[in-house]
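Undergrad: I'd like to ask you about the structure that follows.
The values are calculated or read from the model by the stated rules, or taken from the named source; none is laboratory data. None of the values given here were measured: they were computed from a predicted structure. Cβ placement follows ideal geometry from the backbone for every residue including glycine, while neighbour counts extend to all protein chains displayed.
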């Protein structure tokens, strides 16, 4: 069996390594890797940081403008993977099939984000990987002071910048 | 071992204060707690121990008590309920208390005793940048004209002052008689009269310019979706605690300007 793909997120607060699960979330992993290969994530930020919940990033720039993305993908949240601490899942709007580039890292077991039913409320959020190294960096990011910027809540006062995301194996 | 707050029959576990919260905001109403219903008092205690002490906040939206006579009422049989509020205070869980039609005499003394913040009906709150209106719900039942007339009378300062000036026994007798009348009238009223009036619901969404309303009172738990003035609107109705508990749990969401909600039974 081949090893799962690993990627490294280099941030202004340290590196976070992820293992991805193409077997469980093929569309989502392929979509994420396309953005990685396009160097899309460089200079995006973790723009939503909520203690005891999650850190979210990969779609906005430091000036709080949204980067233009590819088309939204089909949701794969019914893949049996749970939104446990350290897992990585796709952010989206309230429409299930709306994820593009933004992702989040669960800071605790957020099982209420799991798939329960194919409804707007029950679809849940698709886990497609987990942090294998640098969970302490995610914990450091989650504890930074936040503010409201450009109408968005929970935005770090000092931007947490994603310098680069690359495939490491 | 952590310390505990306990009475003869229930022990409220006091956890390490640094333990992370569940992040959920809990909403309950219509428990109708009274010494005559010890099983529901026990269920409320279990709810506090298992869910509420871990929550980010607890909102009580009316008719928490079957009746409330005033602070001089020794409230025998309700000791565990007051201990539950002590446990919530210990865990730094903010508790917001809106009165209903049964417990509208709660006041600042009650607030001090229970560490609850009393909130008016209606109250607007903000969850993840989304405005949500909280009500008990009786003001939406405009088809029940007799009840609305009665409500007008008993909510005047004059009536409340007169009631408060009576002895505890007199107040007990008045409430006993009101409860008997209410039981008889309820059994004679049609189901439609005792539910919300749709025009009152539409007007509430329009007046407050928001898309979410949470209330209790009708004992008809459910989630109702509407389109009002071309905007989507959702009314969540909390259930009563008769055969089982009923709770609404709300969590923050990775989707902006929204939240995740679940109306569930508590057994």
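Undergrad: Out of (1) surrounded by fewer than 24 Cβ atoms within 10 Å (Cβ to Cβ); (2) within 14 Å of the chain's Cα centre (by Cα), the odd one out for residue A:121 is which?
TA: If we test residue A:121 against (1) surrounded by fewer than 24 Cβ atoms within 10 Å (Cβ to Cβ); (2) within 14 Å of the chain's Cα centre (by Cα), just (2) comes out false.
Undergrad: Further question: Condition test on residue A:158, is it in contact (Cβ under 8 Å) with a residue 12 or more places away in the chain and within 14 Å of chain B (Cβ to nearest Cβ)?
TA: No.
Undergrad: Test each condition in (1) assigned to a strand (DSSP E or B); (2) within 14 Å of another protein chain (Cβ to nearest Cβ); (3) more than 20 Å from residue B:257 (Cα to Cα) for residue A:18 and report the one that comes out false.
TA: Condition (2) is where residue A:18 drops out.
Undergrad: Give the residue that is nearest to the chain's Cα centre (by Cα), with candidates limited to residues of segment A:22-50 that are in a loop (DSSP other than H, G, I, E, B) and crowded, with 17+ Cβ neighbours inside 10 Å.
TA: Result: A:41.
Undergrad: If you scan segment B:22-33, which residues turn out to be in a strand (DSSP E or B) and over 23 Å from residue A:53 (Cα atoms)?
TA: B:28, B:33
Undergrad: Let me ask something else about it. Quick check: is even one residue across segment B:219-226 within 14 Å of chain A (Cβ to nearest Cβ), touching a strand residue (DSSP E or B) at 6+ places or on another chain (Cβ under 9 Å) and under 30 Å from residue A:102 (Cβ atoms)?
TA: There is at least one residue in segment B:219-226 that is within 14 Å of chain A (Cβ to nearest Cβ), touching a strand residue (DSSP E or B) at 6+ places or on another chain (Cβ under 9 Å) and under 30 Å from residue A:102 (Cβ atoms).
Undergrad: So which residues in segment B:236-251 are out of contact with any helix residue (DSSP H, G or I) (no Cβ under 6 Å at 6 or more places or on another chain) and either more than 10 Å from chain A (Cβ to nearest Cβ) or within 22 Å of residue B:209 (Cα to Cα) (or both)?
TA: Passing the criteria: B:236, B:237, B:238, B:239, B:240, B:242, B:243, B:244, B:246, B:247, B:248, B:250.
Undergrad: If we keep just the residues of segment A:89-113 that are part of a helix (DSSP H, G or I) and under 11 Å from residue B:253 (Cβ atoms), which is nearest to the other protein chains (Cβ to nearest Cβ)?
TA: In this case the residue turns out to be A:112.
Undergrad: Applying the selection to segment A:53-99, what residues are closer than 18 Å to residue A:160 by Cα and exposed (fewer than 15 other Cβ atoms within 10 Å of the Cβ)?
TA: Residues satisfying the conditions are A:61, A:62, A:63, A:64, A:65, A:66.
Undergrad: Residue under question is residue B:26, and the condition is that it be under 19 Å from residue B:222 (Cα atoms), buried (at least 19 other Cβ atoms within 10 Å of the Cβ), touching a residue at least 12 places away in the same chain (Cβ under 8 Å) and touching a helix residue (DSSP H, G or I) at 6+ places or on another chain (Cβ under 7 Å); does it hold?
TA: Answer is yes for this residue.
Undergrad: Here is a follow-up. If the requirement is being away from chain A (no Cβ under 12 Å), surrounded by 13 or more Cβ atoms within 10 Å (Cβ to Cβ) and either under 29 Å from residue A:152 (Cβ atoms) or modelled with pLDDT of 90 or more (or both), which of these qualifies: B:259, B:266?
TA: Going through B:259, B:266 in turn, just one is away from chain A (no Cβ under 12 Å), surrounded by 13 or more Cβ atoms within 10 Å (Cβ to Cβ) and either under 29 Å from residue A:152 (Cβ atoms) or modelled with pLDDT of 90 or more (or both): B:266.
Undergrad: Given the criteria free of Cβ contacts under 8 Å to residues at least 24 places away in the same chain and within 14 Å of chain B (Cβ to nearest Cβ), does residue A:119 qualify?
TA: It is true that residue A:119 is free of Cβ contacts under 8 Å to residues at least 24 places away in the same chain and within 14 Å of chain B (Cβ to nearest Cβ).
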